[in-house]
1. Is it the case, given these coordinates, that Ser83 is among the small types (Gly, Ala, Ser), modelled with pLDDT under 95 and open to solvent by less than 50 Å² (accessible area, probe 1.4 Å)?
2. Just the residues that are at pLDDT below 90 and part of a loop (DSSP other than H, G, I, E, B), please, taken from region 114-130.
3. Tell me the residue from Lys150, Lys111 that is open to solvent by 20 Å² or more (accessible area, probe 1.4 Å) and in contact (Cβ under 8 Å) with a residue 24 or more places away in the chain, please.
4. Name every residue in region 13-39 that is under 17 Å from Phe71 (Cα atoms) and loosely packed, with under 14 Cβ neighbours inside 10 Å, in order of residue number.
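The values are calculated or read from the model by the stated rules, or taken from the named source; none is laboratory data. Fair warning: this is a prediction, and the values are worked out from it, not measured in the lab. A quick note on method: Cβ atoms are made from the backbone with ideal geometry, for glycine too, and the neighbour counts reach across all protein chains shown. The accessibility values were calculated without ligands, DNA or RNA, using every heavy atom of the protein model including side chains. Shrake-Rupley method; radii C 1.70, N 1.55, O 1.52, S 1.80 Å.
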Amino acid sequence: MKFSVLYGTESGNSEFIAQDLVDYLTSELYEAELGDLANTDPTNVDPDVHAYLIICSTHGEGELPQTAIPFLAELEAKAPDLSGVRYAMFGLGDSFYAETYSQGSEIIDRKLTELGATRIGEYGRHDASSIDDGTELALAWVPGVLADLKAQLV
């Protein structure tokens with residue numbers, strides 16, 4: 001199976017987690033590529049990709065990080081039909097800011113669903129206020145995503 005692991009980041013945390021997921025997937029003999037949402041054209045979906053794993057942080061008052069803004073702008077401007085596209089979402093945030101916790105990833109999640117994409121697996125999250133390591137949580141999250149994807153492909 002082929003995966004595209006995309007990240008939206010402000011400080012680099014999402015990028016580090018995304019790279020660790022690519023390393024994990026390739027060690028499990030999956031094909032996986034890393035991409036920055038800033039350089040990803042959502043209208044150019046690769047039909048060979050079985051699923052997109054999106055790792056996205058939250059910035060400021062529940063806003064998108066800088067590298068995710070162009071991706072969302074393209075989604076809104078071109079509104080591509082994403083029927084048949086599968087994606088999984090892992091959001092980063094800080095529950096200290098309860099009202100805006102993990103909103104950056106949720107903005108993208110809502111838009112992808114609105115355009116017809118299907119989210120697979122549980123919605124993964126990392127809370128910066130916790131003692132949990134973001135990479136460890138993501139690595140524990142991805143097997144559930146893989147199992148859900150395999151069940152859908154049968």
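1. On the way: among the small types (Gly, Ala, Ser): yes; modelled with pLDDT under 95: yes; open to solvent by less than 50 Å² (accessible area, probe 1.4 Å): no.
No: the conditions fail for Ser83.
2. Ala128, Ser129, Ser130
3. On the way: Lys150 fails: in contact (Cβ under 8 Å) with a residue 24 or more places away in the chain.
After applying the criteria, what remains is Lys111.
4. Looking only at region 13-39, we keep the residues that are under 17 Å from Phe71 (Cα atoms), and these are 14-15, 18, 34-39.
Once the filter is applied, which keeps residues that are under 17 Å from Phe71 (Cα atoms) and loosely packed, with under 14 Cβ neighbours inside 10 Å, region 13-39 yields only Asn39.
Yes/no matrix, rows are residues, columns are (1) within 23 Å of Ser83 (Cβ to Cβ); (2) assigned to a helix (DSSP H, G or I):
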position: Phe3; (1), (2): yes, no
position: Ser11; (1), (2): no, no
position: Thr26; (1), (2): no, yes
position: Leu29; (1), (2): no, no
position: Thr43; (1), (2): yes, no
position: Val49; (1), (2): yes, no
position: Leu53; (1), (2): yes, no
position: Glu61; (1), (2): no, no
position: Ala68; (1), (2): yes, yes
